[in-house]
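Each remark here refers to the structure printed beneath this line.
The values are calculated or read from the model by the stated rules, or taken from the named source; none is laboratory data. Remember, it's a predicted structure, so these values are computed and weren't measured experimentally. Ideal geometry is used to build each Cβ from the backbone, glycine not excepted, and the neighbour counts take in all protein chains shown.
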Amino acid sequence: MSKVTRIISVSMMLTVLSAIILVGCGNRHSDKTGFNKSDIAETISQTSESEKGSQMDSLSEDNTDTETTDAEITDTEAEDSGQTASEEDSQEETSNPYIAAREPYTRVPVYEDMEHIYMNTTWEYADHSAISDGYAVLYKAAGERKNIIVGVNAGHGTAGGSSVRTLCHPDGSPKSTGGSTAAGATTATAVSGGMTFYDGTSESEVTFRMAQILRDRLLSQGYDVLMVRDDADVQLDNVARTVICNNVADCHISLHWDGDGLSYDKGCFYIAVPDAIKDMEPVATHWQQHNVLGASLVNGLGDVGMKIHGSGSMAIDLTQTSYSTIPSVDMELGNASSDHSDETLENIADGLMAGINAYYGY
Ligand SMILES: [Zn+2]
């Protein structure tokens, strides 16, 4: 076959493949991130045998094509590779009554409601964590599920977190901006203690209450929630929290109030990625997603009347975004002067929900 003919035939196969994908995914809401983690697992478990067969046939040749760069097709090939594995598994098991049916192997685990998610030592950057004995908790929405897992990270709340250190950047390079850790440092406290509101309440207590309110709001709107800290304390440092989100959630939102020492409420903002680390992986591949998510959340907060600080963002070199491989943002929802009554936190949750819905196209 000539090269031109081959290119044309591959293009035609991709067109057919796209059509099959569109038909097969007719009930899925498309979003900016294409397939998400929960989506893949759910889709495979719902796909009928006949659909699998037709998709397998059309994909057997396409799988040899490695030149495609189209994100959606690449994702779907990954999904279908998972189907190949699951079909082989089911053929091996046939109908032995003494072997319990189990979830097909999809490369993306199917999580149960309220499942405890521990660090997996094979995950990228897992070895950079200093505190990783704890677990996050996955909450699944009861109805109108969007198949999107939002990682909700209540900032701080890790006993012993300020006495151990982790690398600021995965590659060991120095921090580019000041913050709770000075610029030029290569290590930072694994999890700092957080600030204290002027009424004596600790930041970690307020971030946890905020996380609970946001969790319930997300669940009621069909989002699944990965509660990174589901109690007053979790033994997961900032690296571990980020690595777990990277591998389980579709986005990662950490909740904070700024410890700026100001005597007035300066308003909400998100921590943007500083220019100095935009060439460093995994930041280089993901910083735009981080900033788009952050801007969307700040827009939502502004829409519900929350005060916004300056332009709504401040560029700081954070451990969280330095290790994130999914859309990830640190939200500063005010400072030690801010009101943190449930009424205000409910309003913040409204704003964050508006931002999340806008980000995912709802
Ligand atoms: Zn904080």
query: Is the stretch 299-315 home to any residue that is away from the ligand (no atom under 16 Å from the Cβ), more than 21 Å from GLU203 (Cβ to Cβ), surrounded by 20 or more Cβ atoms within 10 Å (Cβ to Cβ) and of a type outside the set (Phe, Trp, Tyr)?
result: yes
- line: Reported set for the stretch 191-229 where residues are touching a helix residue (DSSP H, G or I) at 6+ places or on another chain (Cβ under 8 Å) and within 16 Å of CYS245 (Cβ to Cβ) is VAL191, LEU214, LEU218, TYR223, ASP224, VAL225, LEU226, MET227, VAL228, ARG229
query: Does HIS290 fit the bill of being in contact with a strand residue (DSSP E or B) (Cβ under 8 Å, 6 or more places away or on another chain), over 21 Å from THR189 (Cβ atoms) and either within 16 Å of the ligand (Cβ to nearest atom) or modelled with pLDDT under 95 (or both)?
result: no
task: Kindly provide the set of residues from the stretch 147-156 that are more than 12 Å from the ligand (Cβ to nearest atom) and buried (at least 24 other Cβ atoms within 10 Å of the Cβ), ordered by number.
output: ILE148, ILE149, VAL150, GLY151, VAL152
message: With the structure loaded, tell me whether ASP127 is within 22 Å of the chain's Cα centre (by Cα) and without any contact (Cβ under 8 Å) to a residue 24 or more places away in the chain or whether it fails that test.
response: yes
message: Report every pair of residues separated by at least 6 positions or lying on different chains whose Cβ atoms are under 6 Å apart, first residue within the stretch 191-213 and under 26 Å from CYS168 (Cα atoms), second among the polar types (S, T, N, Q) and within 10 Å of the ligand (Cβ to nearest atom).
response: SER192/SER180; GLY194/SER204
Extreme residue, farthest from ASN238 (Cα to Cα), among residues of the stretch 191-211 that are acidic (Asp, Glu) and surrounded by fewer than 21 Cβ atoms within 10 Å (Cβ to Cβ): ASP199
task: Identify the single condition in (1) assigned to a loop (DSSP other than H, G, I, E, B); (2) modelled with pLDDT of 95 or more; (3) buried (at least 20 other Cβ atoms within 10 Å of the Cβ); (4) more than 16 Å from the ligand (Cβ to nearest atom) that GLU124 does not satisfy, given that it satisfies every other one.
output: (3)
field: Test: ILE271 is within 16 Å of the ligand (Cβ to nearest atom) and of a type in the set (Val, Ile, Thr)
entry: yes
- prompt: Which of the residues spanning the stretch 290-331 are assigned to a helix (DSSP H, G or I) and without any contact (Cβ under 8 Å) to a residue 60 or more places away in the chain?
  reply: HIS290, ASN291, GLY294, ALA295, VAL298, ASN299, GLY300, LEU301, GLY302, ASP303, THR321
task: Any residue in the stretch 251-263 that's over 23 Å from VAL152 (Cβ atoms): show its pairings with residues that are at pLDDT 95 or above and away from the ligand (no atom under 11 Å from the Cβ) at Cβ separation under 7 Å, as long as the two are six or more apart or on different chains.
output: ASP260/LYS266; LEU262/SER337; SER263/SER337
- prompt: Residue check: is SER328 at pLDDT 95 or above, crowded, with 24+ Cβ neighbours inside 10 Å and away from the ligand (no atom under 16 Å from the Cβ)?
  reply: no
- line: Among TYR264, TYR223, the single one that is among the aromatic types (Phe, Trp, Tyr) and over 25 Å from ASN147 (Cβ atoms) is TYR264
